[in-house]
Structure formats: structure tokens, C-alpha cells
Amino acid sequence: MIIHEYQGKELMNEVGIPTTKGRVASTPAEAKAIAAEIGKKVAVKAQVHIGGRGKAGGIKLADTPEQAEEAAKAIIGMDIKGLKVNKVLVEECVEIEKEFYLGITLDRDAGTHVIMFSPMGGMDIEEVAVTHPDQIFKCHTHPWLGVQDYEIREMLYKTGLDAKMIKQVAMFCKKSFELYRKWDCVLTEINPLAVLTDGRVVAADAKINFDDNATYRHPELEAMREVAEEDPLERSAKERGLNNYVRLDGEVGIIGNGAGLVMGTLDIVAREGGKAANFLDVGGGANAALVANALGLVLSDPNVKGVLFNIFGGITRGDEVANGIVQGVKQVELKVPLVIRLSGTNEKEGRQILKDNGYEVAATMEEAAKKIVALTR
């Protein structure tokens, strides 16, 4: 789950991270009123869950409340990379002397969270990682103890910042990690972390992503969810209880049990010249209700021209899975080819049940991928 910049700044303010002054507006009139309250030059910024707002014309500067109103008129309703702008953030313009980058995320290789700081802020951190990898400084945190003050200072000393700036930036690192842990985030990012000409340091931007698997612990976050900007099929998957669904841009619907198995299926379909329309891991079993639910979701994507079921029967028996597929398919309107690969416990019995009911059955993943790609063509 991701939230808008203005929402991220609200959460940052709650933990004591100073941000640029401003509020969100849904109408040009509201934008004008907020600009009048601020009483100085403002930036009017589109609030959409995608990057590149500035290049798309989604950020405009305004010297007066009237100009802010006109800027909001131009931005609200515009389309940015397929997303409609419904809100704008109206905030004070600040004079920036220096820009830093500060981010926290999960380092899967290290098996813990990592605080990342770069004196090269204001640009994509991915670009910095390629062109100036020596300018990204990291501090790994302890999964139980968190991060200690001396660890943050040790990281920042390597950047060449003076003692006064290190003290200021260290506060942002500590508070950002507090926010990150409190809300079960997978990413908190301030880019730029701006040093102003008056000496203040503020978060001039805010990006926060939450772990979907932990949002049940934070029901208050649901009010921040921007349903209109979510993929409708991914939203439907959550409503159906199918939390391991990701929509892709291909034509082969993929259903499997186990994330690794599904990812391997995507790769094999691609190797055979096809493109997956989705990732869907249905978990351990495949009873009739689950099959019908999964198929109904996958088939609701108009791009799907065929479905590949790849099931491994471990604890679940293959004949039970086969009966679940047969009964489940009867509950949906299937107008596209369906290929099933079934292996594991009682696979022979399961395959026979599927064949007796007229289904296309494959012995291996490679055979299944070849068949479904050929049938979708």
C-alpha cells in the first residue's frame, strides 16, 4: 500500500519530522485559500501515485493566491501516466541550499532493514547508485535492537558533513526509522531532505509504502487508501481474499500454489514466447471454491486468452486437487483454453480425473507452457 506525499508528510509530522508547510486541496478555490493562509510563494503539486509529476506539468509555482487557483485548475483533472489527478498539495516554496537523500527499506541480502543516505539528493537514487555508488552510505539496523545513535553518526561521518549538520541529519534518520517501524513500512523516503538558506533542514518530499501483510495491524491506514488509483483487478483480488495477485500485461493467466512455483511458471511461459497476464498464488490447496474464485478473478481480465493451472500436490492430494478444478470450472464461464499441469502426491489419479473430464493436461511445466502459448495464439 502506498500513500500520497501530503499523507506521508502528515505521518512525518506526527513523529516530529519537520516538513514544508502546506495542505491538500480538492478544488481550485481550496488551493487559493490555502495559498492565502501561507502568505508567500507556493508550489501546487499533483497528488498521484506515480513519479514524473514535474515533467508532466503536475507541479506549478504561484506567487499569489490567484495564481495558485489557476495552477490548481490546470492540474486537477489532468492525466499523468494514466492516473487522474484529484488533489493537489499547496505548500510553501523554500529556498534550498543543499539537497540530500534519506531512505529506509529492507535489505533482503542482509536480512535486515537499512538506512541509506546520500549527499546527492534531488535525483533518482537508482541513478546515483549507477553513476556514483560511492555516494550512497548505509547503516544496517538490528532486527531487535533497532538502530543506535552511534551507528547513525558513524555512517554520517563518512559523508564529510560537518558536526552541526551531522547532528541535524541524524535526527531525521532516527525519526524516520521510528516511523518506519511504527507503521510496518517497506519504504520511507525523503528526497530531497532539504537544507534551506536560513539553516533549517526539512523534508521537502515524502514517500511512504506500507507492507500489505501488516496493514491489519493498522486499520486507521485504510482511510488513507486511494481506491481510485489502485488497479481494479488487484483491488478485486483483495476483496476475494486472494492477496497474492499481481496484474501484468500479458495474455496467459497463471494460477499456481506456491510463490516460487508461480514465478517459475512465469519464466517458462516467457521462454516459450508468451507473456503472463498475472501472478496468482492460491496457497496450499485447490478446492472447488478456491478454483472458482481464482478463475473468476483471472478471467475478469479482458487481456487473458488462456489459463495455465500449475499445481504441485504436496500435503494436498492430486486427486482432490483435480476434483476441485473440475467442480470449480463448472462454476465459471470458461471461454478460453485451459491447460493443467499437476504433479506430486496421487498425480496419476488426478491427471486421469482431469482427462476423463476433457481437460488439457501436461506432464511437465515445459509441456504446459508450450501448450498454453500455442493455444493462446
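One table, with the values for the structure above:
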item: Between 0 and 90°, nearest 10: helix 65-75 axis offset from the chain longest Cα axis; result: 20
item: Proximal lysines to K60, defined as alpha-carbon separation beneath 27 angstrom and excluding residues fewer than eight positions away on the same chain; result: K9, K21, K32, K40, K41, K45, K73, K81, K84, K87, K98, K207
item: Candidate values (1) 1.21; (2) 0.92; (3) 1.28, label of the one derived for Cα Rg over 2.2 N^0.38 Å; result: (1)
item: Furthest towards positive pole of dipole, L261, H142, N213, structure part the chain, Cβ charges; result: L261
item: Dipole axis of segment 99-139 (+1 Lys, Arg; -1 Asp, Glu on Cβ), positive-most option in G121, I104, H132; result: I104
item: Tilt relative to the chain, helix 259-271 - C-alpha long axis, 0 to 90 degrees, to 10; result: 80
item: Spin-label pair I59/M78, simplified geometry with 7 Å Cα→Cβ offset, distance in nm; result: 1.2
item: Ascending count of other beta-carbon atoms within 10 Å, so fewest first, for T105, T376; result: T105, T376
item: Estimated distance in nm for a label pair at I315 and A129, the labels positioned 7 Å out from Cα along Cα-to-Cβ; result: 3.6
item: Ascending count of other beta-carbon atoms within 10 Å, so fewest first, for D356, D107; result: D356, D107
item: Lys/Arg +1, Asp/Glu -1 at C-beta; segment 21-92 dipole; positive extreme among N86, A71, T27; result: N86
item: Gained length - L334 relative to N357, 0.36 nm times residue gap less alpha-carbon distance; result: 6.9 nm
item: Taking L156, L161 and counting other C-beta atoms within 10 Å, the order from fewest to most; result: L161, L156
item: Residue of K335, K32, K275 that the Gaussian network model of the chain assigns the largest fluctuation, springs spanning Cα pairs under 10 Å; result: K335
item: Cα→Cβ-extended label distance, 7 Å offset, between E366 and D149, nm; result: 6.2
item: Segment 21-92, dipole about Cα centre (Lys/Arg Cβ +1, Asp/Glu Cβ -1), debye to the nearest 20; result: 320
item: Cα-centred dipole magnitude for the chain, charges only on beta-carbon of K, R (+1) and D, E (-1), debye, nearest 20; result: 320
item: Rounded, prolate or oblate (a/c below 1.5 giving rounded, otherwise prolate when a/b exceeds b/c) for segment 21-92 by Cα gyration tensor; result: prolate
item: Helix-only CD estimate at 222 nm, as mean residue ellipticity for the chain, using -39500 (n - 2.57) per DSSP H run (n ≥ 4); result: -11000 deg cm²/dmol
item: C-alpha long axis of helix 5-14 to longest principal axis of the chain, angle in °; result: 70
item: Cβ charges +1 (Lys, Arg) and -1 (Asp, Glu), total dipole of segment 232-376, debye; result: 140
item: Shape of segment 232-376, Cα gyration tensor, a/c cut at 1.5; result: rounded
item: Tensor-based shape of segment 334-377 (alpha-carbon gyration tensor, a/c under 1.5 rounded, otherwise prolate or oblate); result: oblate
item: Among D212, D79, D109: highest mean-square fluctuation, GNM of the chain, C-alpha pairs under 10 Å; result: D109
item: Förster radius 51 Å - calculated FRET efficiency between E14 and N303 (Cβ-Cβ, nearest 0.05); result: 0.80
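Any read-out appearing in this document is the output of simple, stated calculations on the displayed coordinates, not a laboratory observation. It should be emphasised that the depicted structure is a prediction, and the values quoted were computed from it without experimental measurement. Here the Cβ is made from the backbone with ideal geometry for all residues, glycine too, and neighbour counts use every protein chain on show.
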